[in-house]
Every structure is written in C-alpha cells, then in structure tokens.
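What follows is calculated from the coordinates using simple rules that are stated; it is not laboratory data. What you are looking at is a predicted structure, and each value in this text was computed from that prediction instead of being measured. Cβ coordinates were reconstructed from backbone atoms using ideal geometry, including for glycine residues, and neighbour counts include every protein chain displayed.
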Amino acid sequence: MAFSQYLATAVLNWLKGTTFPTAGATLYVSIHTADPGVDGLTADVTATVRGTSGRVAVTATAFTSPASGGGGFQMSNTGVISITANAANVATQRISHFGVWSANTAGNFLGSGALTTPVDVVTNDTVQFNIGAMILRAV
C-alpha cells in the first residue's frame, strides 16, 4: 500500500512528537481504474460501479496482524470483501487499484494498492477481494 500524503504526514509528525491520530474500528474501500494518487481521488469508479455513493466498510480487525513480507511489512484481508454483488456501471470498467479510507464519504485517504492483474467489471458483475487478495504493505 502506498501511503497517502495524510498518513505519511501523520507518521512524520508522530516522529517529532505530535500525537498520532486515533485508529478507527472500520476502514472503507474504494476501487480505481488507475493509481489513486496521494489524495485517493484519481480514477475512483466506486460510485459508478456500485451505483451509489460511498465506499465499502470493512472492520479493521478483518486483516491479519502485520508481518514481514514483500520487501517490508504487510497484512491482508482475512475474509472476502465484496464491493458489489450487481455492478451498476453501464460501460466496462478496468479496475487496477484499490484505496483505503477512514470514512464512507469524505474522510482521510490512507493509502492504496495495485491489483496483481487488472479486472474488467461489466454490469451485474460481483466485485470482490478473496481472502488474502487485498495486501496492505508498508515498505
């Protein structure tokens, strides 16, 4: 997971003595057709694919404990994370990245990850991350 500007700034401020933001009990997932960038807004097609605004909630405990791997430290999802059961998009969307947020709408963008292989999503597809497929990595 590439750290967002928000998270990188929070870590660096913590190193100089500033209080780190309180951890949330829930994370929120967005899907993208390109790298979301440092603000998470680039190529976000979550609302287009879902047919409704807002991201998908995932409890923070739905991830493994951080462990060494992938050239740094990482954790992954312990259960299936479904973004949609019936994609509402009219045109095919080629999903290549995901984003992780602190809130359903607005909130703070925490970081992103790339899919191993981009997937095409057509109307009525189910978009989901199988167990272990969503890897959050800090290198």
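Some points to look at:
- Matching entry among Phe3, Phe73 (being aromatic (Phe, Trp, Tyr), surrounded by 15 or more Cβ atoms within 10 Å (Cβ to Cβ) and within 24 Å of Thr117 (Cα to Cα)): Phe3
- Some residue of region 118-139 being surrounded by fewer than 17 Cβ atoms within 10 Å (Cβ to Cβ) and without any contact (Cβ under 8 Å) to a residue 12 or more places away in the chain: no
- Among the residues making up region 82-114, those that are among the hydrophobic types (A, V, I, L, M, F, W, C), closer than 25 Å to Val11 by Cβ and in contact with a strand residue (DSSP E or B) (Cβ under 7 Å, 6 or more places away or on another chain) are Phe98, Val100, Trp101, Ala103, Phe109, Leu110, Ala114.
- Test: residue in region 121-133 that is of a type in the set (D, E, K, R), outside any strand (DSSP E or B) and farther than 12 Å from Thr46 by Cβ: yes
- Matching residues in region 102-117 - criterion: being in a loop (DSSP other than H, G, I, E, B) and surrounded by 13 or more Cβ atoms within 10 Å (Cβ to Cβ): Ser102, Ala103, Asn104, Gly107, Asn108
- Candidate set from region 86-100 (those that are of a type outside the set (A, V, I, L, M) and buried (at least 21 other Cβ atoms within 10 Å of the Cβ)); member that is farthest from Gly40 (Cα to Cα): Gln93
- Beta carbons closer than 8 Å, at least 6 apart along the sequence or on distinct chains, pair a first residue in region 39-56 that is at positive phi with a second that is among the polar types (S, T, N, Q) and surrounded by fewer than 20 Cβ atoms within 10 Å (Cβ to Cβ) for Ala43/Thr33; Gly51/Asn89; Gly54/Asn104; Gly54/Thr105.
- Every residue from region 57-100 that is in a strand (DSSP E or B), closer than 22 Å to Val121 by Cβ and either out of contact with any Ser or Thr (no Cβ under 8 Å at 6 or more places or on another chain) or not β-branched (Val, Ile, Thr) (or both): Ala57, Ser76, Asn77, Ile81, Ser82, Gln93, Arg94, Ser96, His97, Phe98, Gly99
- Taken over region 7-56, the criterion of being among the hydroxyl-bearing types (Ser, Thr, Tyr) and either crowded, with 19+ Cβ neighbours inside 10 Å or in a loop (DSSP other than H, G, I, E, B) (or both) is satisfied by Thr18, Thr19, Thr22, Tyr28, Ser30, Thr33, Thr42, Thr46, Thr52, Ser53.
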